[in-house]
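Quick note: the coordinates plus some simple rules give every number you see, no bench work behind them. Computed from a predicted model, the values in this text were never measured in an experiment. Positions of Cβ are backbone-derived with ideal geometry, glycine not excepted, and every protein chain shown enters the neighbour counts.
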Amino acid sequence: MTTTAPVDEVYRVIHTDHHDPFQILGMHPVTVKGKPGLAIRAFLPDSEKVSLVPEPDAKLTEEVELRVQGGAIVIARIITPRSGWADAARKMRQREDDRLLDPLIPTRFDDEEWEW
């Protein structure tokens, strides 16, 4: 199992033998695969539900992605296809960088069949 905490210390927390369990439990900054993140560890063996309340600037919407990765549950914002395209198009327009590269070449369909 891959974890951001030493496995022997996790076992000591589970068996109530750790001298300072909050060195392991709670929220801790971590780096996973070169990316910064937060590890939120809780030991709640009889719990039916766990709730996390994100910080206001977490950029999370009503839906998030949950995935198991390296022995951890990863919570991430959903990145939709084409997210950011509208802002990029607006910036291109401001720079006047949104012109067609090739001239328009009308087709027979354009000339004879298309109706506006």
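Some notes on this structure:
- Between ILE73 and ARG99, the modelled label-to-label distance comes to 5.5 nm, taking each label 7 Å out from Cα in the direction of the beta carbon.
- Where only DSSP H runs of four or more residues are counted, the chain gives -4500 deg cm²/dmol as its mean residue ellipticity at 222 nm, each run worth -39500 (n - 2.57).
- Here region 1-44 is treated as an ellipsoid with the same Cα gyration tensor; its semi-axes, largest first and in whole Å, are 20, 11, 8.
- Cα→Cβ-extended label distance, 7 Å offset, between GLU55 and ALA5, nm: 2.1 nm
- Length gained on full extension, LYS33 to PHE109: 22.1 nm, using 0.36 nm per residue less the C-alpha separation.
- Sorted from longest to shortest, the spans of the Cα atoms of the chain along the three principal axes equal 82, 31, 28 Å.
- Electrostatic dipole magnitude of the chain [Cβ: Lys, Arg +1; Asp, Glu -1; Cα centre; debye, to 20]: 540 debye
- Degrees separating the helix 85-94 axis from the principal Cα axis of the chain, which is the longest one: 50 degrees
- Rule-of-thumb Rg ratio for region 38-93 [Cα; 2.2 N^0.38 Å; N residues]: 1.60
- Highest-MSF residue in the chain out of ALA76, ALA89, ALA39 [GNM, Cα springs under 10 Å]: ALA89
- Environment charge of ILE75, counting only residues whose C-beta is closer than 9 Å and scoring Lys/Arg +1, Asp/Glu -1: +1
- Using only side-chain charges placed at the Cβ, +1 for Lys and Arg and -1 for Asp and Glu, the dipole size of region 1-44 relative to its Cα centre rounds to 300 debye.
- Here the Gaussian network model covers the chain, with springs between Cα atoms less than 10 Å apart; of GLU55, GLU65, GLU96, GLU96 fluctuates the most.
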